[in-house]
Amino acid sequence: MAMSEEMEVLKEVARRLDQAGIAYMITGSTATNFYTVPRMTRDIDLVVELTGEDVNRVVEIFRDDFYVDRQAVEEAINRKSMFNLIHTEYVIKVDFVVRKDSPYRRMEFSRKKKVTVDHQFLYVVAPEDLILSKLDWAKESRSEVQLTDVRNLLQSVKGLDRRYLARWAKQLGVESLYREVAR
């Protein structure tokens with residue numbers, strides 16, 4: 001089976017981040033595909049730990065074969081928001097979400113899982129934290145796509161830490177949404 005262009009890009013981005021010593025984890029629909037029913041996605045979501053000193057490194061390691069906007073990288077790091085790269089050949093977007101410095105986001109990042117894909121290590125958000133992030137994203141929008149992902153994760157992933165989920169759902173203000181979806 002041929003490796004998808006998305007997986008090829010993801011593995012290359014992860015390899016470069018690892019080589020540069022930049023901590024990351026895969027999140028969003030790409031991470032969902034590791035745990036449950038895969039769904040189509042044309043972008044890759046990563047949470048990255050970056051500081052102002054990392055701007056030049058990020059631009060340097062990706063500029064040859066990705067569109068990368070230095071100012072967008074700098075602003076995202078300063079605001080703890082996001083920027084993206086676009087692979088110039090495959091036109092695949094990679095969203096970089098700069099890790100926020102809240103107690104939950106630090107905990108989430110520390111719990112990432114190391115997985116192996118085609119003989120390469122990748123770091124993926126823990127399934128409980130993926131559920132919490134999707135609930136947080138769906139809090140305002142009530143996005144059926146996010147809620148369906150949450151239902152699939154709750155049904156598919158064995159051994160979820162339900163106490164961890166309940167505790168953080170309450171602290172993040174998504175407790176009622178979690179209870180509704182977990183029924």
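The values are calculated or read from the model by the stated rules, or taken from the named source; none is laboratory data. None of the values given here were measured: they were computed from a predicted structure. Please note: Cβ atoms are built from the backbone with ideal geometry, for glycine as well, and neighbour counts cover all protein chains shown. Ligands, DNA and RNA are stripped out before the accessible areas are found, and what is left, the full protein with its side chains, is counted by its heavy atoms. Shrake-Rupley method; radii C 1.70, N 1.55, O 1.52, S 1.80 Å.
Observations, loosely collected:
- A single entry from 148, 116 fulfils the requirement of being of a type in the set (Ser, Thr, Tyr) and open to solvent by 60 Å² or more (accessible area, probe 1.4 Å): 116.
- Evaluated against (1) touching a residue at least 24 places away in the same chain (Cβ under 8 Å); (2) within 20 Å of residue 88 (Cα to Cα); (3) open to solvent by 40 Å² or more (accessible area, probe 1.4 Å), residue 51 falls short on exactly one condition, (2).
- Tally, over the range 106-128, of residues that are over 16 Å from residue 179 (Cα atoms) and part of a helix (DSSP H, G or I): 6
- Selection status of residue 116, modelled with pLDDT under 95 and hydroxyl-bearing (Ser, Thr, Tyr): yes
- Residue within the range 29-39 that is within 18 Å of the chain's Cα centre (by Cα), hydrophobic (A, V, I, L, M, F, W, C), surrounded by fewer than 20 Cβ atoms within 10 Å (Cβ to Cβ) and assigned to a helix (DSSP H, G or I) present: yes
- Top-ranked residue of the range 114-128 - restricted to ones that are without any contact (Cβ under 8 Å) to a residue 60 or more places away in the chain and closer than 16 Å to residue 33 by Cβ, ranked as nearest to the chain's Cα centre (by Cα): 126
- Residues considered: 143, 133, 110. Of these, the only one that is open to solvent by 10 Å² or more (accessible area, probe 1.4 Å), within 17 Å of the chain's Cα centre (by Cα) and under 26 Å from residue 13 (Cβ atoms) is 110.
- Residue list for the range 165-183, filter: within 19 Å of the chain's Cα centre (by Cα) and assigned to a helix (DSSP H, G or I): 165, 168, 169
- Residue match in the range 85-95 (condition: of a type in the set (Val, Ile, Thr), open to solvent by 40 Å² or more (accessible area, probe 1.4 Å), part of a loop (DSSP other than H, G, I, E, B) and without any contact (Cβ under 8 Å) to a residue 24 or more places away in the chain): yes
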